[in-house]
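First, the structure itself, so that you have it in front of you.
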Amino acid sequence: MAEVRAIHERVIELATLGDAAWFENNPDRRIRIRNAVAMEFNEDIGSPPPGMLVRTLVLEAQAGVRLRQPVAILASVAIDELGDEALFTLFMQVAPPDAKNVLKKLRDAKVSGAPKPASSR
């Protein structure tokens, strides 16, 4: 059991590092969508319906502070073409109330750090 827990923690760490690098390389973006990483969520998110894939929305609420949300999307959707506005709308549609409350609290709080350009939400 400890070995599985260590693997799970390492998977989350790698996904987090990848997200951090992506936001560093895309400073004008506040949200991204990517393929979900196996075991990156604490609960079993199950399998998507036929014709769909599980993706992960990663929303940077403040510099270095991110929320991740799994979402099932049609396999035919070109995720690289989705902009921040569409992704934020999708995030707000699929995020549970607790995640929306955390987002509001993070946005209301003042965290020190270099602000990002206000290009979108």
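The values are calculated or read from the model by the stated rules, or taken from the named source; none is laboratory data. Here the structure is a predicted model, which means the values were calculated and not measured. Note: ideal-geometry Cβ built from the backbone for every residue, glycine included; neighbour counts use all protein chains shown. Accessible surface areas use protein heavy atoms only, side chains included; no ligands, DNA or RNA. Shrake-Rupley method; radii C 1.70, N 1.55, O 1.52, S 1.80 Å.
Considering only region 67-81, state which residues are under 11 Å from ARG55 (Cβ atoms) and in contact with a strand residue (DSSP E or B) (Cβ under 6 Å, 6 or more places away or on another chain).
ARG68, GLN69, PRO70, VAL71, ALA72, ILE73, LEU74, ALA75, ILE79, listed by residue number.
Find the residue count for region 44-86, including only residues that are among the β-branched types (Val, Ile, Thr) and over 21 Å from PRO96 (Cβ atoms).
Residues in region 44-86 being among the β-branched types (Val, Ile, Thr) and over 21 Å from PRO96 (Cβ atoms): 2 in total.
Select from region 66-89 the residues that are within 18 Å of ASN35 (Cβ to Cβ) and within 11 Å of the chain's Cα centre (by Cα) and list them in ascending order.
Those that are within 18 Å of ASN35 (Cβ to Cβ) and within 11 Å of the chain's Cα centre (by Cα): ARG66, LEU67, ARG68, GLN69, PRO70, VAL71, LEU87.
Further question on the same structure: I'd like to know if region 43-54 contains one or more residues that are more than 17 Å from ALA72 (Cβ to Cβ) and at pLDDT below 95.
No.
Right, next: Return yes or no: is LEU57 surrounded by 14 or more Cβ atoms within 10 Å (Cβ to Cβ) and out of contact with any helix residue (DSSP H, G or I) (no Cβ under 8 Å at 6 or more places or on another chain)?
Here the answer is no, as LEU57 does not meet what is asked.
Name every residue in region 67-98 that is open to solvent by 60 Å² or more (accessible area, probe 1.4 Å) and part of a helix (DSSP H, G or I), in order of residue number.
Correct list: ASP80, GLU81, GLU85, THR89, MET92, GLN93, PRO97, ASP98.
Okay, next question. Would you pick out the residues in region 17-41 that are closer than 25 Å to ARG5 by Cβ, open to solvent by 40 Å² or more (accessible area, probe 1.4 Å) and either touching an Asp or Glu at 6+ places or on another chain (Cβ under 8 Å) or in contact (Cβ under 8 Å) with a residue 12 or more places away in the chain (or both)?
If the condition is that a residue be closer than 25 Å to ARG5 by Cβ, open to solvent by 40 Å² or more (accessible area, probe 1.4 Å) and either touching an Asp or Glu at 6+ places or on another chain (Cβ under 8 Å) or in contact (Cβ under 8 Å) with a residue 12 or more places away in the chain (or both), then ASN35, VAL37, ALA38, MET39 are the ones that fit.
May I ask you to list the residues in region 1-38 that are under 20 Å from VAL71 (Cα atoms), assigned to a loop (DSSP other than H, G, I, E, B) and at pLDDT 90 or above?
ARG29, ARG30, ALA36, listed by residue number.
Also, quick follow-up: Within region 43-54, can you find the residues that are in contact (Cβ under 8 Å) with a residue 12 or more places away in the chain and surrounded by fewer than 17 Cβ atoms within 10 Å (Cβ to Cβ)?
Here is the first cut: in region 43-54, the ones in contact (Cβ under 8 Å) with a residue 12 or more places away in the chain are 45, 48-49, 51-54.
Within region 43-54, ILE45, PRO49, GLY51, MET52, LEU53 meet the criteria.
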